[in-house]
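Report on the structure given below.
The values are calculated or read from the model by the stated rules, or taken from the named source; none is laboratory data. Every value quoted in this text rests on a predicted model; they were computed, and no experiment measured them. No Cβ is skipped: glycine too gets one built from the backbone with ideal geometry, and neighbour counts run over all protein chains shown. Areas reflect the complete protein model, heavy atoms only, side chains present, ligands, DNA and RNA absent. Shrake-Rupley method; radii C 1.70, N 1.55, O 1.52, S 1.80 Å.
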Amino acid sequence: VFIILGASGDLSKKKIYPTLWFLYRQKFISPDTKFIGYARSKITMDTIRKSTVENMDIKDDEQEKVEAFFKNNYYLSGKYNKPEGFKALKNLIDEVTGKKNSNRIFYLALPPSVFMQVSTMIRQECWPEQKIGWGRIIIEKPFGHDLASSNELSSHISNLFYESEIYRIDHYLGKEMVKNLFVLRFGNILFRSLWDRNHIASVQIIFKENFGVEGRGGYFNDAGIIRDVIQNHLLQIMSLIAMEKPLTTNADDIRLEKLKALRAVEALSLENLVVGQYIGDPNAENPKHHISYKDDKDVPKDSITPTYACAVLYVNNERWDGVPFILRCGKALNERKAEIRIQFKDVPGDIFCVGQLKRNELVIRVQPGEAIYIKMMTKKPGVPNDDGTGDSMTFVNVEETELELTYKERYKTIRVPDAYENLILDVFNGLQMDFVHVNELKEAWRIVDLALHKLTENKVKPFEYYSGSRNGPFEADELIKRVGVIYSGTYVYNRTRGQTV
């Protein structure tokens, strides 16, 4: 039985129900699986169905299968802080399964304010009896507001459930290119031998959105971009890049190496952080870029919540000593994109004309248009031009190009699964590799906690940047230049296959 707490919310309608339909349709889960939605809203399953089907990718010949799927779906209205509702939920579970005990997955698609109440009620009223059925609980971020609140929530959850029963979902860990990092790193001797401070000059992890808060101003103003993106998504990706090779592909071994990498990261300082907040650009062609963050009705006019952040972190160990990891993220920028850019050091003893050689880069585009490519130098075909030295016979024209793997071209017949499809299937199968361990969570909060409190205590005002700009505030570019990133600006990725980079 798969129970969705918060079944009437947007996450359930746009992601969870469509994912369950996909897994059911593809026969990745048993056709006998039952699905129960629970929420405070006084609605019916028909209401949820009507608001969900538009997100379910239903083919014309699948109407019979759709009907079979929804016959296995139920809905119950109840409060989150009253045991009566959860007693009724338990009775419904028993009724739809025809037995008192069954394997149960509980998905908390809920605001963090009710996590403790709901998890307590689940444990007391609905958890399967030991040795008769297993139970698993999925918790959506944010896992707390700072280190103290996260530790409090973790302690509460740990007192109710075993760590092996808890699945803290960070959907970026389910994305195809993030999952591919593991194979890229440890399945290719080419990259393994270059993956250290002797060859890598910097690592950038970039997250860009081309829209603002747009109706989520109340939530976002309380969280801010560092809590919303850096503390979870980007630090998880960073741990996969920085980790040492695990003993096996077992989840425990992988999470141990991720944890060791996070423990080696210095706490973020304000000196290595630039925060920004978008303002409307009156000259922008797109009207949505005329709107400022503070124009949102739920955002206070004196808000100093950052909508952009550029953070530089360092991993203090033998492999990465001195290499800057730059985490950049922002709303209301020029495009939607998430990618990893690993910039290698300059070629020592350059024998070509000054300025011709550009730094090699390995770029992993997470979204949209999944791709991996290497920016490299090659000889430009044709007769060389005279460089002005009078020795044209020894002169070669050098240019930047790419070796690339674009998924939509290489894997034309393969559907790239959605992150939630990957992760929810993992929960059914009891696989925890792509979920956040409690100790990883503590370290991630430790890294950003001090900077978050200093931003608030010192009332640090974010730098302004125009909505629709490429990189956010100018000061962020100055920061990454200071730590050694070199952007030549001479290369544009093929627009028919990907995006300008």
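Worth a mention:
- Cα pair distances of the chain binned at 20 Å [whole percent]: 20, 52, 24, 3, 0
- Per residue, the accessible area of the stretch 1-131 comes to 50 Å² when a 1.4 Å probe rolls over the protein heavy atoms.
- GluC sites (Glu not before Pro) restricted to DSSP loop in the stretch 304-349 with at most 13 other C-beta within 10 Å: Glu318, Glu335
- Electrostatic dipole magnitude of the chain [Cβ: Lys, Arg +1; Asp, Glu -1; Cα centre; debye, to 20]: 1120 debye
- Nonlocal amide H pairs with Gly37, under 5 Å, H built at 1.01 Å: Ile4, Tyr74, Tyr75, Leu76
- Set Lys331/Lys454; Lys42/Lys175; Lys42/Lys294; Lys14/Lys179; Lys50/Lys288 screened for pairs whose C-alpha atoms are more than 25 Å apart: Lys42/Lys175; Lys42/Lys294; Lys50/Lys288
- Straight-line cross-link reach from Lys15 at under 17 Å between alpha-carbon atoms covers these aspartates and glutamates, not counting any fewer than eight positions away in the same chain: Glu54, Asp57, Glu140, Asp170, Glu176, Asp418, Glu421, Asp426.
- Solvent-accessible area of Cys353 with every protein chain in place, 1.4 Å probe, in Å² to the nearest 10: 40 Å²
- Remark: the stretch 2-140 carries a charge dipole of roughly 460 debye about the Cα centre, counting +1 on each Lys and Arg Cβ and -1 on each Asp and Glu Cβ.
- Partners for Lys442 among lysines (Cα-Cα distance below 16 Å; same-chain residues under 8 apart left out): Lys141, Lys258, Lys260
- In the stretch 114-152, GluC sites (Glu not before Pro) in a DSSP loop with at most 16 other beta-carbon atoms within 10 Å: Glu129
- Per atom type, the chain shows carbon and sulfur on 50% of its accessible surface, probed at 1.4 Å.
- Relative contact order, whole percent, for the stretch 2-140 stands at 29, derived from Cα pairs under 8 Å and 6 or more residues apart.
- Difference of contour (0.36 nm per residue) and Cα-Cα distance, Thr248 to Leu11: 81.9 nm
- With contacts taken as Cα pairs under 8 Å at a separation of at least 6 residues, the chain carries a relative contact order of 17 percent.
- In Hz, Karplus ³J(HN,Hα) per residue of the stretch 56-72 (6.51, -1.76, 1.60; θ = phi - 60°; x = Gly, Pro): 9, 6, 8, 7, 4, 8, 10, 4, 5, 5, 4, 4, 5, 5, 6, 5, 8
- Residue-by-residue Karplus 3J(HN,Hα) for the stretch 347-361, coefficients 6.51, -1.76, 1.60, Hz, glycine and proline x: 5, x, x, 4, 9, 8, 4, 4, x, 6, 6, 10, 5, 5, 9
- FRET efficiency for the Leu403 to Asp196 pair, using the beta carbon distance and R₀ = 25 Å, is estimated at 0.75.
- Spin-label zone in the stretch 1-35 - amide nitrogen under 20 Å from a point set 7 Å from the Cα of Ser164 along the C-beta vector: 1
- Most positive-pole-ward Cα, Val53, Gly484, Ile205, against dipole of the chain from beta carbon charges: Val53
- Of the whole protein surface, Thr456 contributes about 90 Å² of accessible area at a 1.4 Å probe radius.
- Glu478/Ser113 FRET efficiency (R0 25 Å; Cβ-Cβ; nearest 0.05): 0.05
- The stretch 2-140 - Rg over Rh from alpha carbon coordinates, Kirkwood radius: 0.95
- Modelled label positions at His145 and Phe186, each set 7 Å beyond Cα in the direction of Cβ, lie 3.8 nm from each other.
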